[in-house]
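Accompanying notes for the structure given below.
The values are calculated or read from the model by the stated rules, or taken from the named source; none is laboratory data. From a predicted model like this one, the values you see are computed outputs, not experimental measurements. When we count neighbours, we look across all protein chains shown, and the Cβ atoms used for this are built from the backbone with ideal geometry, even at glycine. Note: accessible area is taken over every heavy atom of the protein model, side chains too, but ligands, DNA and RNA are not part of it. Shrake-Rupley method; radii C 1.70, N 1.55, O 1.52, S 1.80 Å.
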Amino acid sequence: MLATRVFSLVGKRAISTSVCVRAHESVVKSEDFMLPAYVDRRDYPLPDVAHVKHLSASQKALKEKEKASWSSLSMDEKVELYRIKFKESFAEMNRRSNEWKTVVGTAMFFIGITALVIMWEKLYVYGPLPQTFDKEWVAMQTKRMLDMKVNPIQGLASKWDYEKNEWKK
């Protein structure tokens, strides 16, 4: 029932495609996103609409002059006609930017902050390493495991030669 009501309102244009909003005692009209929009993209070279939507008087006169022979137009007028239709040329779109410097700088900043946090944690948060990480302790533990013949088929004891007291080669 609600869907039929909505569709009947859309059919009568009761729901507008552009919205007017009253804000601070003035009316603000938002853009209608159902209409085609201008986009400068290399993979889409011919946009659906011109860059300049509302022409000035001089631009209208230039558009009328465009209908005649193009040999009578000066280079500046041709460029102005191009700028009415397009915002940027391919050369301007392909121009390199220095945005990568900002991205790399920001990444290095956060990596540096992370390094400082890790150093602070090592100094003030974590305690000293337990004795089980000492090389002597690991050697004694390994020797004890070999003496107990832990995992003799595929594990540690299978790689130890008990007759020569050395690791198998």
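For the chain, the fraction of 1.4 Å probe accessible surface lying on carbon and sulfur atoms is 62 percent.
Need the C-alpha centroid separation for segment 142-163 versus segment 69-112, integer Å. Rounded to whole Å, the Cα centres lie 70 Å apart. By the helix-only formula, in which each DSSP H run with n ≥ 4 contributes -39500 (n - 2.57) and the sum is divided by residues, the chain has a 222 nm mean residue ellipticity of -13000 deg cm²/dmol.
An ellipsoid equivalent to segment 37-94, defined through the eigenvalues of its Cα gyration tensor, has semi-axes of 22, 14, 9 Å when rounded to whole angstrom and sorted largest first. The ellipsoid that matches the Cα gyration tensor of segment 87-147 has semi-axes, each √(5λ) in whole angstrom, of 54, 18, 6, with the longest given first. Note on Rg and Dmax of the Cα atoms in Å: of the candidates (1) 16.5, 63; (2) 16.4, 50; (3) 37.7, 105, the value calculated from this structure sits at (3). Summary: within the chain, the longest segment free of chymotrypsin sites (Phe, Trp or Tyr not before Pro) located in DSSP loops with at most 13 other C-beta atoms within 10 Å is 34-125.
Taking amide H as placed 1.01 Å from N in the peptide plane, the amide H of Trp160 sits under 5 Å from that of Lys168, each at least 5 places away or on another chain. Applying both filters, DSSP loop and at most 16 other Cβ atoms within 10 Å, to the trypsin sites (Lys or Arg not before Pro) of segment 32-115 gives Arg41, Arg42, Lys53, Lys67, Lys87, Arg95, Arg96.
In summary, the helical segments of the chain meeting the span-like criteria, namely a full DSSP H run, a Cα extent along the axis of 30 angstrom or more and a mean Kyte-Doolittle hydropathy of at least 0.0, are 99-120.
The residues neighbouring Trp160, those whose beta-carbon lies less than 12 Å from its own, together hold a net charge of +2 under the Lys/Arg +1, Asp/Glu -1 convention.
Think of a 1.4 Å ball rolled over the protein heavy atoms: the chain then has 89 Å² of accessible area per residue.
Label sites at Leu73 and Phe109, each approximated as a point 7 angstrom past Cα along Cα to Cβ, lie 4.6 nm apart.
Averaging the sequence gap over all C-alpha pairs within less than 8 Å and six or more residues apart, then dividing by the number of residues, gives segment 33-86 a relative contact order of 39 percent.
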